[in-house]
Amino acid sequence: MPSKLFLNPLLLIQKSSLMANGSASNLTDTIQCEELMRGGSKSFFAASRVLPKRVRNPAIALYAFCRLMDDIVDEGGEDIRIIQTLQQRLDLIYEGNPVDVPADRALTKVVQQYKIPKTLLEALLEGFAWDKLGRRYNSIEDLYDYAARVAGTVGAMMALIMGTRQQVPLARACELGLAMQLTNIARDVGEDARNGRLYLPLNWMREEGIDPDAWLKDPIFTPQIARVVHRVLQTTDLLYQRSQTGIAQLPRDCRAAIYGARLVYAQIGRQIEKQDLNSVSQRAIVSSTKKKMLMLKALSATVHIEKAKTDLEPIEAIKYLVEAVPYEDPYAHYGGSLEQRVVWVINTLEKAERHRLARMQPSYPTK
């Protein structure tokens, strides 16, 4: 799981219930959601600063709700009924009658405006339930199933907020979520173990002669564990390569932020390698200076990002997430602010140019 907030979400709920008339302005909701995000993930917060305002505020609302659910699950101890409570809150959001909490109110507006399928948030909640049950994962494919729920879903929802509903970039967005979650797992091996959690593929551990149960009781760094972490990072790098090809199909004003997030998270893997793959007794941290350099790189390099390849079959674990999103032309009957209209015009021109170039490709007779 990602690093936890220093803010108790239950206190946030109690605080919000004391607000005048039981509600707050949209601005207040956004500010409180931003505080959740700022405390929860410095990497995500850094990348979000580059997002256009039209995307940044709904992204903050989405992230804040996800973090809030995550922390409430952790604060709930062994009581599995907390999942049912969160499901009820999700039901109320989709009914348009959210619990009087800033994150719930903000997310209600987001799911309505961007037509986010309930399947995606229910899959996220299912991943949290797996955490609550202490589920372990025998193979990398099983781990993909988990990562698809807790992170691939977020990638898909972010793509929808940015205005992308086509299956190819949606699949790549989900795979970027998988890559980021596997990076978290590789980074947090020791921290997770000390909390009684184990996310490394069990069959990889056994191939190295490691008894998962015995190791969890005494989590120490060994060359064998290093090799397992290395395999996770190798798999993660392949996912980053796949996901990067979808960034070129995102709206122009969003590419730098997403590419920056991809670079910063991938750098965590490089830092783990610099620490001799020891993520048991050490935690890999990317410095603020390095993050700034990577964000500058993202700003200058997005024009050279490889175009999406339509022949990449989505990883099996994320197929149902992609299929849950019905395709709609995001540019049909388009309305919005001046900024949004300018972005729409640019994207429409790019789309027309791609079609023109495709028609110019020579065709060859089949034998």
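The values are calculated or read from the model by the stated rules, or taken from the named source; none is laboratory data. As the structure is a computational prediction, the values presented were derived from the model and not from experiment. Using ideal geometry, Cβ is built from the backbone for each residue, glycine included, and neighbour counts are taken over all protein chains shown. Side chains included, ligands, DNA and RNA excluded: accessible areas come from the protein's heavy atoms. Shrake-Rupley method; radii C 1.70, N 1.55, O 1.52, S 1.80 Å.
Laid out as a table, the results:
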quantity	calculated
Conditions (1) modelled with pLDDT under 85; (2) more than 18 Å from MET157 (Cα to Cα): number failed by ALA64	(2)
Residue list for the stretch 86-102, filter: out of contact with any helix residue (DSSP H, G or I) (no Cβ under 7 Å at 6 or more places or on another chain) and of a type in the set (A, V, I, L, M, F, W, C)	LEU92
Wholly within the stretch 166-281, helices (runs of 4 or more DSSP H) carrying at least 1 residues that are touching a residue at least 12 places away in the same chain (Cβ under 8 Å) and within 27 Å of MET295 (Cβ to Cβ)	167-187, 189-194, 223-244, 252-274
Residues satisfying the stated conditions in the stretch 207-254, i.e. farther than 20 Å from MET180 by Cα and among the basic types (Lys, Arg)	LYS217, ARG252
The stretch 131-156: number of residues that are among the aliphatic types (A, V, I, L, M) and within 14 Å of the chain's Cα centre (by Cα)	6
Sole residue being open to solvent by 20 Å² or more (accessible area, probe 1.4 Å) and aliphatic (A, V, I, L, M), chosen from VAL154, VAL232, VAL228	VAL154
Subset tally (residues that are basic (Lys, Arg) and open to solvent by 100 Å² or more (accessible area, probe 1.4 Å)) for the stretch 273-296	2
Of residues in the stretch 297-309 being in a helix (DSSP H, G or I) and open to solvent by less than 70 Å² (accessible area, probe 1.4 Å), the one modelled with the highest pLDDT	ALA298
Residue, most open to solvent (accessible area, probe 1.4 Å), within the stretch 186-218, restricted to residues that are touching a Leu at 6+ places or on another chain (Cβ under 7 Å) and among the hydrophobic types (A, V, I, L, M, F, W, C)	LEU216
Residue list for the stretch 259-290, restricted to those being under 18 Å from the mean Cα position of the chain (by Cα) and at pLDDT below 95	TYR259, GLY260, ALA261, ARG262, LEU263, VAL264, TYR265
Conditions (1) at pLDDT 60 or above; (2) in a loop (DSSP other than H, G, I, E, B): number failed by PRO365	(1)
Boolean, VAL101 is touching a Phe, Trp or Tyr at 6+ places or on another chain (Cβ under 7 Å) and β-branched (Val, Ile, Thr)	no
Single match in ALA171, ALA151, ALA156, ALA179 (criterion: closer than 22 Å to ILE80 by Cα and among the aliphatic types (A, V, I, L, M))	ALA151
Scope the stretch 88-104; condition at pLDDT 90 or above and outside any loop (DSSP other than H, G, I, E, B); matching residues	GLN88, ARG89, LEU90, ASP91, LEU92, ILE93, TYR94, ASP104
Complete set of residues in the stretch 49-59 that are in a helix (DSSP H, G or I) and farther than 17 Å from THR153 by Cβ	LYS53, ARG54, VAL55, ARG56, ASN57
Members of the stretch 113-144 found to be crowded, with 18+ Cβ neighbours inside 10 Å, within 15 Å of ILE318 (Cα to Cα) and of a type in the set (Ser, Thr, Tyr), listed by number	TYR144
